[in-house]
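Notes follow once the structure below has been shown.
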Amino acid sequence: MALIQEMERQGNWLFRYRGQIPVALFLMAIPVIYMHSGTPAPMWLLAIAASLSVLGALIRAYTIGTTPRGTSGRNTRQQVAESLNTSGIYSLVRHPLYLGNYLMWIGIVAYTGSLGFTALVTLLYWLYYERIMMAEEAFLTGKFGTAYREWSQEVPPFVPRIGPFRSPSVPFSLRSVFRREYSGWLATVTGFAYVDCLRVFASGQFTGVDSFTACWSYWRLPLGLALAITLLLRTLKRYTRVLNEEGRS
């Protein structure tokens, strides 16, 4: 099997299990934080890390909110596309959802305070998603042929270009964002709380229940709010049609 075909095969397999990446990052963060002796995170670090994650969430929200049904913009289990989406954010970058994912995750990783860990995760992310992007682009090339090749020659895969911007084919839908993105928001808040709690435990300033109490007192409001929003949106999605919208997946 040619190397490119092997990488595409790996990409199709990795595509199905990309949702498990945060679990690996949580485990990898444990020795990193303990190696740094659990030193408290300065507020400027939290501000920078949170800004990265918020930027990633906004990129994902805009992408999903302007993606019509049946395009290559939002598939979860396998490569599916009835039409090629080249407008909106897809006129600037070919894989905006993966860019959003990276920024959301790297914000949490950066909050550990380790530049080495941040660089390592960046490298691993690229090696992982490079294969997924290759598999996705092979599928789209096979389905849309010249149209896809011409678009891909103008639009970069991961780092957005500076214009020209083409308006999306559908207006922004906040309902689509609410229907699709609540789990990612909860995971992001949980990730920051997790790193902060590891710092508390590793610092040695508290022991046993005191460590949990110190962590919980700071994060109970953000976590509680994120969980409440998640439960509300999940309930609306499963048991009502409030978040449904014609022409959206």
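The values are calculated or read from the model by the stated rules, or taken from the named source; none is laboratory data. Remember, predicted model here, so these are calculated numbers, not experimental data. Positions of Cβ are generated from backbone atoms using ideal geometry, with glycine treated the same way; all protein chains shown enter the neighbour counts.
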Report summary line: When restricted to PHE206, PHE172, the only residue among the aromatic types (Phe, Trp, Tyr) and either modelled with pLDDT of 90 or more or touching a strand residue (DSSP E or B) at 6+ places or on another chain (Cβ under 8 Å) (or both) is PHE172
Query raised in the report: Among the residues of the stretch 163-177, is any aliphatic (A, V, I, L, M), more than 30 Å from SER203 (Cα to Cα) and more than 22 Å from the chain's Cα centre (by Cα)?
Result: yes
Report task. Give the residues of the stretch 39-67 that are among the aromatic types (Phe, Trp, Tyr) and either surrounded by 13 or more Cβ atoms within 10 Å (Cβ to Cβ) or under 12 Å from LEU99 (Cα atoms) (or both), sorted by residue number. Result -> TYR62
Report summary line: Selection over the stretch 113-140 where residues are closer than 21 Å to TYR34 by Cα and not hydrophobic (A, V, I, L, M, F, W, C) yields a count of 5
Query raised in the report: Which of the residues belonging to the stretch 160-184 are more than 21 Å from TYR98 (Cβ to Cβ) and assigned to a helix (DSSP H, G or I)?
Result: LEU174, ARG175, PHE178
Report summary line: Expected output for the stretch 172-192 (first residue in contact (Cβ under 8 Å) with a residue 60 or more places away in the chain and under 25 Å from ARG69 (Cβ atoms), partner among the aromatic types (Phe, Trp, Tyr) and not in a helix (DSSP H, G or I), Cβ below 9 Å, 6+ apart or cross-chain) is none
